[in-house]
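Encoded as structure tokens, the structure appears first; notes follow it.
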Amino acid sequence: MSRRSLEAHRDAVARHLADALLPRTDRVGLDLLADPASDLGDLGDLVGRILAAPAVAGADAPPFDNSQLDGYAVRAADVRAGTPLPLAPEIAAGSVAAPLPAGHAAPIMTGAPLPPGADAVVAIERTEGDGFAAHAASGRVVLLVGPSAGDAVRTAASDLRRGDEVLPAGARLGPAALGALAAGAVDSVDLVARPRVAIVSTGRELAAGVRDANGPALAAAVLEAGGLATRWLHADDEPAAFARLLEDAARGADVVVTTGGVSRGTHEVVREALADRGEFVSVGIQPGGPQGLATVEVDGRDVPVLCFPGNPVSALVSFELLLRPLLRAAAGMHPAERATERRPLAEPVDSPPELHQVRRGIRAADGTVRLVGGASSHLIGAYARADALVHLPPGLASAPAGTPVDIWRIDD
Ligand code: AMP
Ligand code: MG
């Protein structure tokens, strides 16, 4: 079997998944942002989502002119520093303010509505005497400064105006964004839909003592890439049963990922079951050489199937190289690709020169990258301790310590 380059296979996967991963939009109601009794799990489902269209404010924020601090609401023109003013009734946050009589000062708390007639607030720190209680006892207050109109007043809509854009299309819903959507009374948003991925782990050994590392790892990888992991199934090594399970998995999924059963052994269930519905190739990468692309039809829909090898490191590196960028792009997450950094190797390394080898590494404090765990593709424990993938491209056979190599950070 001839070998396909990584670049050629990436292109083939991108073409195969293109229709299934066309960006779609979800209209999502935001009632939960106005309700302290709402399920925080639902709020969690919004975090990190991407707006497909601008979010528009349904109300002004602030909703009314209000005080920026604790102090006295006044008519600026009435105040002369050092001259006592009689007190009007106190205005607390959440109350309705009566009009301020001319020549008076109303104690006002942060966030309380400015009374009609008032146009400025003077901070309690800029008054004579011992604070609100002492002023209330005397019925007067002496302001130490003469304010200008607008001082310490937060005007209505000074943050967000009803009908205006709160956030543009493409914005990510982080904490401040969700706070702004709540403050601006945005009642619904259009979000980029999360691509739905089902995972089928194969291998008789999964029912005979070998723990399935691929299902959880790939489901987590899908979630991190902005997708939705819909199913996680186990298939035996029997082709007919696997085919039935695959159809099950494809229902409600945009893409199915299988692991295992694609190499050159005798019980290669994925390859056997999908031989006439896909292509199985050898890609010039290590780990992850044996790869497959297939299609399964369910409910009149063609669902693409991506077939990764079964060793846990192979499956996860396959995801990184082939699927992650496509999922992120479909989910509206930018950049879709991992950022590449260049770092010198901390130690000498050998690599098969005909393959693009991907090793696991740790970014050392001295600026180098140290390999962790050897090249074997069963070493998921070492992968878990790594914070970088180290690319040793075709043509590199052995490199001394200090050789600069491309790495991808995988810890952000
Ligand atoms: P395969 O690609 O099916 O030939 O499997 C290659 C190796 O990966 C074998 O040692 C399998 O036992 C192991 N393997 C396959 N699937 C999984 C899985 N889901 N979790 C952990 N190891 C697996
Ligand atoms: Mg197997």
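The values are calculated or read from the model by the stated rules, or taken from the named source; none is laboratory data. All figures in this text were calculated on a predicted structure; none of them were measured in a lab. Using ideal geometry, Cβ is built from the backbone for each residue, glycine included, and neighbour counts are taken over all protein chains shown. Accessible surface is based on the protein model in full, side chains and every heavy atom, while ligands, DNA and RNA are left aside. Shrake-Rupley method; radii C 1.70, N 1.55, O 1.52, S 1.80 Å.
At each listed q (0.08, 0.11, 0.13, 0.14 Å⁻¹), what is the log10 of I(q)/I(0) that the Debye formula gives for the chain modelled as equal alpha-carbon point scatterers? For the requested q values the scattering log ratios are -0.62, -0.85, -1.05, -1.17. The residue among 103, 286, 139 whose Cα reaches farthest toward the positive pole of the charge dipole of the chain, with charges on the beta-carbon of Lys, Arg, Asp and Glu, is 286. Per-residue ellipticity at 222 nm from helix content only, as computed over the chain with -39500 (n - 2.57) for each DSSP H run of at least four residues, stands at -5500 deg cm²/dmol. Among DSSP beta bridges lying fully in the chain, give the percent that are antiparallel, nearest 5. Of all bridge pairs located within the chain, approximately 70 percent are antiparallel. Quick one: compute a quarter of the convex hull surface over the Cα atoms of segment 66-154 and quote it in nm². Its average projected convex-hull area is 4.5 nm². Among 374, 46, 317, pick out the residue whose Cα is farthest towards the positive end of the charge dipole of the chain, where Lys and Arg carry +1 and Asp and Glu carry -1 on C-beta, about the Cα centre. Ranked along the dipole, the leading option is 374.
Segment 196-266 and segment 321-395 have Cα centres spaced 24 Å apart. Think of a 1.4 Å ball rolled over the protein heavy atoms: the chain then has 46 Å² of accessible area per residue. As a length-normalised measure over Cα pairs under 8 Å and 6 or more apart, the relative contact order of segment 66-154 settles at 41 percent.
The charge dipole of the chain, taken about its Cα centre with unit charges on the Cβ atoms of Lys, Arg (+1), Asp and Glu (-1) only, comes to about 800 debye. Here's the picture: charge each Lys and Arg Cβ at +1 and each Asp and Glu Cβ at -1 in segment 54-203, and of 198, 58, 176 the one pushed furthest to the positive end of that dipole is 198. For residue 136 and residue 35, a Förster radius of 60 Å and the Cβ-Cβ distance give a FRET efficiency of 0.95, rounded to the nearest 0.05. Normalising the average separation of contacting C-alpha pairs (under 8 angstrom, six or more residues apart) by the number of residues puts the relative contact order of the chain at 16 percent. Over segment 340-409, with a single point scatterer placed on each C-alpha, what log10 of the ratio I(q)/I(0) does the Debye formula yield at q = 0.14, 0.28 1/Å? For the requested q values the scattering log ratios are -0.35, -1.39.
Just the number, please: carbon plus sulfur as a percent of the accessible area of segment 66-154, 1.4 Å probe, no ligands or DNA/RNA counted. So the carbon and sulfur contribution to the accessible surface is 54 percent. The relative contact order of segment 340-409 comes to 49 percent, based on Cα pairs under 8 Å that sit 6 or more residues apart.
For segment 211-292, which trypsin sites (Lys or Arg not before Pro) pass both filters: DSSP loop (anything but H, G, I, E, B) and at most 16 other C-beta atoms within 10 Å? Passing both the DSSP loop test and the Cβ count: 211, 251, 264.
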